[in-house]
Structure formats: structure tokens, C-alpha cells
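The values are calculated or read from the model by the stated rules, or taken from the named source; none is laboratory data. As the structure is a prediction and not an experimental result, all values here were calculated from the model. Reconstructed Cβ throughout: ideal geometry from the backbone, glycine too, with neighbour counts over all protein chains shown. The protein model used for the area step is the full one, side chains on, heavy atoms only, and it has no ligands, DNA or RNA in it. Shrake-Rupley method; radii C 1.70, N 1.55, O 1.52, S 1.80 Å.
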Amino acid sequence: MANIAENIKLLQSTLPANVSLIAVSKFHPVDALMQAYNAGQRVFGESRAQELVQKASAMPSDVEWHFIGHLQTNKLKMVVPLVKMIHSIDSEKLLIAVNEEATKVNKIVNVLLEVHVAQEETKFGFSEAECHEIAESGLLDSLKNVRVCGVMGMATNTDDEDEIRVEFMKIHSIFKALKKGVMAQCEWFKEISMGMSDDWHIAIDEGSTMVRIGSSIFGVREY
Ligand SMILES: *Cc1c(COP(=O)(O)O)cnc(C)c1O
């Protein structure tokens, strides 16, 4: 059994002050989330729409929900009203659809552009060139109900730490190029969401501002 409260407290005291902790609670039951909540954790990450809806209705209302998984536009009606941030914007179509849904419910949703830097084809996200295309197209100015707050990425699932580091450096450099260029005037463009249970130390070395940690808090997921 994972000692969830202890894991949360240890992480909170270890992470640099400028790095926020997203407790990735997918596949874990509400009572596990409550243990984290009672240890002071307020930001939780989920990756499936239905599961998010169930947990949001069961958890206290001051929880801040972040959606981190691949998102289909037909799930937005469920997801958009509940979330503070969507980390996994991986197409222009999705970004536009999030804006539409957010407009309907009269809220502003923070989003991150997911960038694809890993070796695996299975991972989603934009290339660096595609990020620039979106940012330079003028589209973002017209989407009044989404705020692009930065980028999110995942490293290859490998034991090769050098490979992981190079990929996190790549994510950081994509962020920096946008920040220096077309996003320079955007005050809220400041987040780099990278780092999971096995690689968050490296991610923080390489400039992460948000780590998404599941197993190291809640234990191994049973799918
Ligand atoms: C599941 C998941 C995590 C957390 O992974 P752990 O290895 O359990 O820390 C982080 N980010 C995304 C996008 C995930 O799907």
C-alpha cells in the first residue's frame, strides 16, 4: 500500500517553489484522492472524461482539475465545465472546439500545446513547426475563451537518461522559441508541463514548471 499522504508531503517539500505538482489520479479510487487532498493536495490530473466527471462530483469543490489525456471533441461537453487546464491540446481542431465549448459555458480554459518529441509514434502532439504555425496564424487572438499558457510534452519511455534529457531540452527549446517570438507579449505563456514519476528530476533540471506524477504518489495503477 502506498502511503499517499507521506508521498505528497515529501514531493511538496522536494519540488522547487516554481514547480507545481499535478497529482495524476487516473485509475485510482476517490478515497485515494481524498488521502492526497487531506495532505494538502488540490491539483489533480485525469485522462478520461467519464472518470473525471465521476471524481469531480465526489471530491470537494475546491479541487483544481487538469485534463492530461488524449481528448476527443465529443467529450468536451463533459470535460470543459470541470477543468482549469487541458494539457493535451494536440490539434487545431481540438483547440477551436475547446474554445467553442468554453464560450457556451462562459468560462476561460487554460490550455497547453502538446509537443511531440519522443521516439514513439503512439504519442500525440505537434511538431515544433506546427506550434509556430498555430501561434503565428492569428488564430489564438480570435479564440477568446482559451488561454494558451505554454507547452506540454512526454519523453520516450526508456531507461536511457541521456535520451530523456535531450527530449526535455527539446521541449524547453520549443517553449523558448515561442516565448521569444510570437508569444512574447503573452503574459500567461509561461508553463512547461513535463516530468512523470520516473523522470521528473530530469524534467526539473531542464526547466519544467509543472510535473504530472501518478505512481510515485498513489502506487502502481491496475488497469
Ligand atoms: C499517466 C500519466 C502521467 C503520470 O504517470 P506516472 O508515471 O504514473 O507518474 C503523466 N502524464 C500523462 C500524460 C499521463 O497519461
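Key figures for this structure:
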quantity: Accessible surface, 1.4 Å probe, highest first, among residues 194, 78; calculated: 78, 194
quantity: For the stretch 110-121, 3J(HN,Hα) per residue [Karplus equation, 6.51 cos²θ - 1.76 cosθ + 1.60, θ = phi - 60°, Hz, x = Gly/Pro]; calculated: 7, 9, 10, 7, 7, 10, 9, 10, 6, 6, 6, 6
quantity: Cα-based equivalent ellipsoid of the chain: semi-axis lengths in Å, sorted from largest, via gyration tensor; calculated: 26, 22, 15
quantity: Average accessible area per residue (Å²) across the stretch 169-223 - probe 1.4 Å, nucleic acids and ligands excluded; calculated: 51
quantity: Sorted largest first, extent of the stretch 56-176 alpha carbons per principal axis (Å); calculated: 43, 38, 24
quantity: Carbon and sulfur %, accessible surface of the chain computed with the full protein complex present, 1.4 Å; calculated: 50
quantity: Residue-span extension gain [residue 179 to residue 34] - 0.36 nm each, minus C-alpha spacing; calculated: 48.5 nm
quantity: The chain - mean residue ellipticity at 222 nm from DSSP helices (-39,500 (n - 2.57) per run, n ≥ 4, rounded to 500); calculated: -11500 deg cm²/dmol
quantity: Label-to-label distance, nm, for residues given as residue 2 and residue 93 (7 Å Cα→Cβ offset); calculated: 3.4
quantity: Theoretical FRET efficiency, 1/(1+(r/R0)^6), r = Cβ-Cβ of residue 221 and residue 161, R0 30 Å, to 0.05; calculated: 0.80
quantity: Label-point gap, in nm, between residue 187 and residue 70 - each point 7 angstrom along Cα→Cβ; calculated: 3.7
quantity: Choice from 26, 123, 93 with maximal GNM fluctuation in the chain (Cα, 10 Å cutoff); calculated: 93
quantity: Backbone HN-Hα couplings from phi across the stretch 55-62 [Karplus 6.51/-1.76/1.60, Hz, Gly and Pro as x]; calculated: 5, 5, 6, 8, 9, x, 6, 8
quantity: Amide H partners (placed H, <5 Å) of residue 156, local residues excluded; calculated: 119
quantity: Pairwise FRET efficiency - residue 62 versus residue 169, Cβ, R0 = 30 Å, nearest 0.05; calculated: 0.25
quantity: 180, 144, 190, reordered so the largest accessible area comes first (probe 1.4 Å); calculated: 180, 144, 190
quantity: Calculated from backbone phi, Karplus (6.51, -1.76, 1.60) coupling profile of the stretch 88-93 in Hz, x at Gly/Pro; calculated: 10, 7, 10, 7, 5, 4
quantity: The stretch 1-29-the stretch 41-85 distance, computed between alpha-carbon centres (Å); calculated: 18
quantity: For residue 147, solvent-accessible area (1.4 Å; no DNA, RNA or ligand), Å²; calculated: 90
